[in-house]
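Input: a single structure, listed below in structure tokens.
The values are calculated or read from the model by the stated rules, or taken from the named source; none is laboratory data. Please read these numbers as outputs of a predicted model, since none were measured by experiment. Cβ sites come from the backbone with ideal geometry, for glycine too, and all protein chains shown count toward neighbours.
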Amino acid sequence: MPDYLIHKLTAKSSVGHGVHSPFVYNFIREVIRENNEITPPSIIEKIHQDNLNSNIPISIQTLGAKSISLSENSKLGSVVRLSSVTPKIGKLLYRISHWVNPRYILEIGTSVGISTMYIAAATPFAKITTLEGNPDKIEQALKNFSLSSLNNITLIEGDFNLTLNMALSSQPRLDMVFFDGNHQTEPTLHYFKQCLELSHDKSVFIFDDIRWSKEMFNTWQIIKGHKSVSISIDLFNMGILFFREGISKQHFKVNF
């Protein structure tokens, strides 16, 4: 039986039925379930769509796990379609950011800035630092940020193994982290442990593409089992972690 079908059959509904944790029940009802009253600015959705329709050439050079569907010289639309968040996930990131109301946000893997804009727009007074190593993607991301008129984003260019330390040294804490820059076990675990040092009781960590590969899913299993994690939520393609004190470790699968 395909993994997605198994997930659908065994996961909780997006209205929270059968969830006995009040915290998780509220998160599902207020955030995971689509809410037309909490939507991103229309300019971000327009930029997202324009990027999807674009034939601008983008050179693909990555230090992490590569997409088998992207060649070294691809079109912007293909890059967005295969390596950026979907509009549905983008809106979810916006709702999570709105709900958490973070002050200090880190994103590991900017790509062309689609997810960055969704997160940043929900919390205009927050400071979001995003890391990317591909020059062509960075150029397009900066264009997108300019079009969106968002001024709370700092983009750091370079290898994550170098730039993550730089980013963390400038943060007093991490309220929200979006991991979307490497889909291999060793670097992902390393980034997670580095970010943990600045996490706190109200932090939320989000991992994209947890079923990118068998290796990535096994990495997610290790991460959600870490002693610091109190709650994990599996949305099939995305995993969400909380570190709430006083809550027994619980793992949830939710349809989205």
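Looking at (1) under 26 Å from Ala126 (Cα atoms); (2) touching a helix residue (DSSP H, G or I) at 6+ places or on another chain (Cβ under 6 Å); (3) touching a residue at least 24 places away in the same chain (Cβ under 8 Å); (4) of a type outside the set (A, V, I, L, M), which is the only condition Asp201 fails?
(2)
Working carefully through the options Ile210, Ile206, Ile156, find the one that is modelled with pLDDT of 95 or more, under 28 Å from His48 (Cβ atoms) and out of contact with any helix residue (DSSP H, G or I) (no Cβ under 6 Å at 6 or more places or on another chain).
Criteria check complete, one pass: Ile206.
If you go through segment 212-256 one residue at a time, how many are in contact (Cβ under 8 Å) with a residue 40 or more places away in the chain and not charged (D, E, K, R)?
Looking only at that region, the number is 18.
Please work out which one of (1) surrounded by fewer than 17 Cβ atoms within 10 Å (Cβ to Cβ); (2) at negative phi; (3) of a type outside the set (A, V, I, L, M) is the condition Gly246 fails and give its number.
Condition (2) is where Gly246 drops out.
Could you list all residues from segment 73-106 that are buried (at least 18 other Cβ atoms within 10 Å of the Cβ), in contact (Cβ under 8 Å) with a residue 60 or more places away in the chain and part of a helix (DSSP H, G or I)?
Leu76, Ile89, Leu92, Leu93, Arg95, Ile96, Ser97, His98, Val100 - these are the residues of segment 73-106 that are buried (at least 18 other Cβ atoms within 10 Å of the Cβ), in contact (Cβ under 8 Å) with a residue 60 or more places away in the chain and part of a helix (DSSP H, G or I).
Looking at Ile108, is it at pLDDT 95 or above, over 19 Å from Trp212 (Cα atoms) and in contact with a strand residue (DSSP E or B) (Cβ under 9 Å, 6 or more places away or on another chain)?
It is false that Ile108 is at pLDDT 95 or above, over 19 Å from Trp212 (Cα atoms) and in contact with a strand residue (DSSP E or B) (Cβ under 9 Å, 6 or more places away or on another chain).
Tell me yes or no: at least one residue of segment 221-240 is of a type in the set (A, V, I, L, M), on the phi < 0 side of the Ramachandran plot, in a loop (DSSP other than H, G, I, E, B) and surrounded by fewer than 17 Cβ atoms within 10 Å (Cβ to Cβ).
No: segment 221-240 contains no residue that is of a type in the set (A, V, I, L, M), on the phi < 0 side of the Ramachandran plot, in a loop (DSSP other than H, G, I, E, B) and surrounded by fewer than 17 Cβ atoms within 10 Å (Cβ to Cβ).
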